[in-house]
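This report concerns only the one structure given below.
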Amino acid sequence: MDALWAYAQHVYFAPSCMVGSFFLTILVFLMEKKNLKATLIWGGLFSLCPYMIFSDGIYHGLMHLLSRTVGEIPLLVDVIIDYISRLVLIPVAIYVFRKKLSVHWSLSLFMLSGFGGIGYLGMVVGKSQLSTFIVDFLAIILWRILLTNELRFVRNAQTYRRVSFLGVFTSFSLLVNLAMYVCVRMIDVTQTFLNYLVFVSILFWLTLTTAVKLIFRAIRLEQQEEIARNHDELTGLPNTVLFTNYVQELVQNGVGKDLAFLVFDLDRFKNFNEKNGFEEGNAVLRFTAQTLKTFFGERYVTRVSSDMFRVVASPSGLDAKIYEIHERIRSFSMQGELEIKAGFCIQHCPIDNFEEIEMCFMRARLAEATIKGIYDKYSANYEDRMGAQSRLKMHLVSHIDEAIQKEYIQVYYQPVICSRTNTLCGFEALARWIDPIYGFLSPLDFISILEEAHLIHKLDLFMLQKVCEIYRREADLGHTNVPVSFNLSRLDFMLCDICAEVEKLAEKYRVPHNMLHLEITESVLEGDNGEVLEKVERFRKEGFEVWMDDFGSGFSSLNVLKDYEFDFIKIDMIFLRNFTAKSKVIIRSVVEMAKNLHLGTLTEGVESEEQLKFLKEIGCDRLQGYYFSKPLPYGEVMRVLKEEGITTSF
């Protein structure tokens, strides 16, 4: 027991344990609490007290072997062996830290020399247990004040690679203090010389620590500039360049694993900004960024546009994470005004190049777009059919001009029949796209795509031009023409002066205004600030008829009739698809209301004799549907009508 106590005194047990504890604390901090168990085990193994015990073991083992070999050992050799026994463990510790904790050698050397220097400084200066404890404690406090704040900014291993000399530089602290400790322990020195060693040791350690602080401060300032260059100013997230570097590194290290590529989009964020102001909008973006960082880590989240984020993560537990993120964003925004939608694509590594990574994010974006505006869906996984839709969309948008120029887009006519005389009284012009790659495309395949791309006005103006061309050709041949109705999109009123364009084409092809009927749906009038109303009135003033299309399919059709003047209403075919007693009551009421408002009526979707008889009975003015003919090119539809014995009423 006495021997054990004597050895504890010899290794300065209490002060060494204190220094070792602080060493472990800083090591855990620099490791960002990753691999905590291994950090504590291997860091504790090479902290000051175990380090001294191992060193003594090496020293006594070597001395025992030498004494049995050569007998009495000179003092100089004794000192050298003691010094070497304490140095030899440093490369061992550096190797272990590198293999077990992935710590860069320069950081390991800096940590070992810094805290070893503190420990041996206390032993040289203090000499007794208590005084050594006090000296070490004061040195730790000073070290913490001078360097801990700087370490907070330079714990990235890349920093130590850039300043590898730092480990070499700070190792002198350990070497000098260790040499002084060995001298004091092994050599009988005078008090004057001992005081000199104490002074030099303290001065050297303070100078070295101050120099390290200045180096760290320079690094910190450089890092702050780098962060400003490589991070989003508002959210603090990595910018797209830095994020891409992180993702490429992750992909390279993830061979054989699956990765999820996600796109998060804040739904209705523009409206939220307009209603609540940019301050509230910025707060939402910062909260969203922080939430995503909480679930996926800072390195693998970036903001790519005002309200869209990209993320790379493990597929494990992904659905639960997306749900929790969705709920947090809804709770944070006022009265749940905002929702976050997520699309994701799961890809097996390896991924060979940047283009493939970008394709994964594009697929995730496609998946997210399929649920945009759908209230009860907040996430979607990419499916191959979405890729086919995307390719079609890109093809149509990029080939609309070619389709117009080469007339891949054709006008198909569907006849409108007068219910009283059973004669042809008009046509509706409908677009069909006959593509050399995708074949025959109906309006459902391309209208919404062109509207989204703000290219619909090109299609509508081309359709009007072809209608006018055919009218002029038939008129020049002496054939009888009937009025033609055509559809206008809401964007036609926004992207061009639609009134001027219609008038210009009518004038160019000498088409009487009463031969052109303009169909607009309820959606065209949504949110109208008076501009559409003004143009509708202008059309009617110039002699063009304006019809309300798809009456009854929207929510405010009656309100629209109250505020706008129309010549005809087209009753939506939805009422005839399920032709029940209720449908008949509704259609009858609409026709009676239209008569009271002095509006003409036309019902779409007539397909049976029963429907035809009912519509004639209630006094619906005009009829349109497959019962008479499906939409066909002009020559073909005229041949069908002739075969059916339907003549024109003009």
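Rule-based calculations on the coordinates, nothing more; no lab input. The model shown is predicted, which means the values in this text are computed figures rather than measured ones. So basically every Cβ, Gly included, is an ideal-geometry build from the backbone, and we count neighbours across all protein chains shown.
What the table below lists for this structure:
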quantity	calculated
Out-of-range pairs (alpha-carbon distance over 26 Å; input LYS508/LYS570; LYS372/LYS466; LYS535/LYS584; LYS582/LYS613; LYS458/LYS504)	LYS508/LYS570; LYS372/LYS466; LYS535/LYS584
Cα-based Kirkwood hydrodynamic radius, the stretch 609-650, one decimal, Å	11.6
Positive minus negative residues near ALA367 (Lys, Arg vs Asp, Glu; Cβ under 10 Å)	+1
Alpha carbon Rg of the stretch 380-462, scaled by the compact-globule rule 2.2 N^0.38 Å	1.36
Three-way shape call for the stretch 229-333 based on the alpha-carbon gyration tensor, with the a/c threshold at 1.5	oblate
Residue-count net charge about ALA403 - beta-carbon cut-off 15 Å; Lys, Arg +1, Asp, Glu -1	-1
Loop-located GluC sites (Glu not before Pro) in the stretch 313-388, at most 12 other Cβ atoms within 10 Å (DSSP)	none
Net charge over other residues, Cβ less than 12 angstrom from the Cβ of PHE332 (K, R count +1; D, E count -1)	-1
Gap separating the Cα centres of the stretch 528-602 and the stretch 39-54, nearest whole Å	86
Whole-number Å³ per residue for the convex hull built on Cα positions in the stretch 319-419	221
